[in-house]
Amino acid sequence: QVQLVESGGGLMQAGGSLRLSCAASGRIFSNYAMGWFRQAPGKEREFVAGIVWGSGSTYYADSVKGRFTISRDSAKNTVALQMNSLKPEDTAVYYCAARWTVLTTLPSEWHYWGQGTQVTVSS
């Protein structure tokens with residue numbers, strides 16, 4: 001069993017930066033994938049970024065490529081999402097997720113979820 005707790009959300013002006021962190025309790029194996037998703041009001045949850053725990057390989061949605069960076073700290077069991085050049089359309093609740101097999105962008109196929117943290121970007 002894996003429990004995930006996000007932190008670091010908040011209010012930021014467009015063009016600014018925020019860093020989200022996700023602390024995982026329980027054993028994270030090398031074949032796990034960790035990811036960040038977001039859900040804006042009235043919209044479906046969508047994939048933002050993912051990382052393979054063992055190899056460190058990363059994947060990004062086209063909408064955030066070049067602006068967001070996902071990273072992991074194996075010693076601390078944490079995953080971070082550095083968000084730069086924020087845009088109003090990045091406003092959403094951001095969720096940390098874990099999956100015990102290959103990375104996928106489909107929210108329904110992830111096994112563990114955090115409670116979410118709000119990110120609001122003003123224009």
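The values are calculated or read from the model by the stated rules, or taken from the named source; none is laboratory data. Please read all numbers here as calculations on a predicted model, not as lab measurements. FYI the Cβ positions are ideal-geometry reconstructions off the backbone, even for glycines, and counts take in every protein chain you see. Just so you know, the surface numbers come from the protein's heavy atoms only, side chains and all, with ligands and any DNA or RNA stripped out. Shrake-Rupley method; radii C 1.70, N 1.55, O 1.52, S 1.80 Å.
Taking amide H atoms as placed 1.01 Å from N in the peptide plane, the amide H of TYR32 lies under 5 Å from those of TRP53, GLY54, each 5 or more residues away in sequence or on another chain. If one puts a single equal scatterer on every Cα of the chain and applies the Debye formula without solvent, what log₁₀ I(q)/I(0) results at q = 0.14, 0.18 Å⁻¹? Log10 I(q)/I(0), no solvent term: -0.52, -0.86.
Per residue, how large is the accessible surface of the range 1-44? Use a 1.4 angstrom probe and give square angstrom.
Numbers: 2470 Å² over 44 residues.
Ligands and nucleic acids excluded, the result is 56 Å² per residue.
Which residue fluctuates most in the GNM of the chain (Cα springs below 10 Å): GLY54, GLY42, GLY66? Of GLY54, GLY42, GLY66, the Gaussian network model singles out GLY42 as fluctuating most. Here the Gaussian network model covers the chain, with springs between Cα atoms less than 10 Å apart; of GLY35, GLY15, GLY56, GLY15 fluctuates the most.
Residues within the reach of a label modelled at THR120 (point 7 angstrom out along Cα to beta-carbon, backbone nitrogen below 19 Å), restricted to the range 27-54, are 38-43. The orientation-averaged projected area of the convex hull spanned by the Cα atoms of the range 33-86 comes to 4.1 nm².
Result for the chain in a Gaussian network model with C-alpha springs under 10 Å: among TYR59, TYR94, TYR112, the largest mean-square fluctuation is at TYR112. Within the accessible surface of the range 3-123, defined with a 1.4 Å probe on protein heavy atoms only, the carbon and sulfur portion equals 50 percent.
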